[in-house]
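Taking it in order: structure first as structure tokens, then the write-up.
The values are calculated or read from the model by the stated rules, or taken from the named source; none is laboratory data. Keep in mind the model is a prediction, meaning the values are calculated, not measured. Quick reminder, even Gly has a Cβ in these numbers, built from the backbone with ideal geometry, and neighbours come from all protein chains shown. Only protein heavy atoms, including side chains, enter the accessible area calculation; ligands, DNA and RNA are left aside. Shrake-Rupley method; radii C 1.70, N 1.55, O 1.52, S 1.80 Å.
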Amino acid sequence: MKRLLILLVTLSYCLVSNAQKEKDFASKFMEQFEYDTAVNCITVSPKMMEQLTKNDLGKREHLAEAIQKLKSARIITATQNGEHYYQIAEELLKKNSKRFSHVDKYQDKKNYGSFYSRKDKTGKTVELILIHLDNKQNKLVVVNLTGDIDEEFIASLSKNFHNQN
């Protein structure tokens, strides 16, 4: 009986630890370009995000509150062949359509992009991905946010991109 109990505890621990190791989109994307010097990724810590919002706190208080709920922000850039990398990112998201769903898109003469999200089992958005291409400079920017992301935050970001275009 003790062996069975120990086996069940060990098995459940393994399942929990594997579930926590689930990679975000930025990690999966960067695995493909580990040795490609044209593609870079930086991670912005929650503490750094807090510092960035302090300067703008009065203007966008609801945005600052939403940013405080984030666990991480990862920013991927490709300074050349942006359209090529954009297509790869979009294909990776579509390939994993059970995990990521398309939220919104925007386009004008020099920019276009898409928003994707991932929800947990309860339906809460836990990951938000923005893929953005500057056609004029052929540069790609991918912003990958993880944490407790509410619909108001997504709508605010989406509205900002639609208003700029």
One residue is enough: does the stretch 19-34 have a residue meeting the conditions among the small types (Gly, Ala, Ser), at pLDDT below 65 and open to solvent by less than 90 Å² (accessible area, probe 1.4 Å)?
yes
Might you let me know whether the stretch 81-93 holds any residue that is small (Gly, Ala, Ser) and without any contact (Cβ under 8 Å) to a residue 24 or more places away in the chain?
no
Working carefully through the options Ile76, Ile131, Ile88, find the one that is modelled with pLDDT of 95 or more, on the phi < 0 side of the Ramachandran plot and in contact with a Cys (Cβ under 6 Å, 6 or more places away or on another chain).
Ile76
What number of residues within the stretch 105-145 satisfy the criterion of being open to solvent by 20 Å² or more (accessible area, probe 1.4 Å), within 16 Å of the chain's Cα centre (by Cα), touching a residue at least 24 places away in the same chain (Cβ under 8 Å) and over 19 Å from Glu90 (Cβ atoms)?
1
Contact list please: Cβ distance under 8 Å, first residue in the stretch 29-55 and more than 18 Å from Thr77 (Cα to Cα), second residue open to solvent by 100 Å² or more (accessible area, probe 1.4 Å) and modelled with pLDDT of 80 or more, pairs at least six apart or on different chains.
Pro46/Lys71
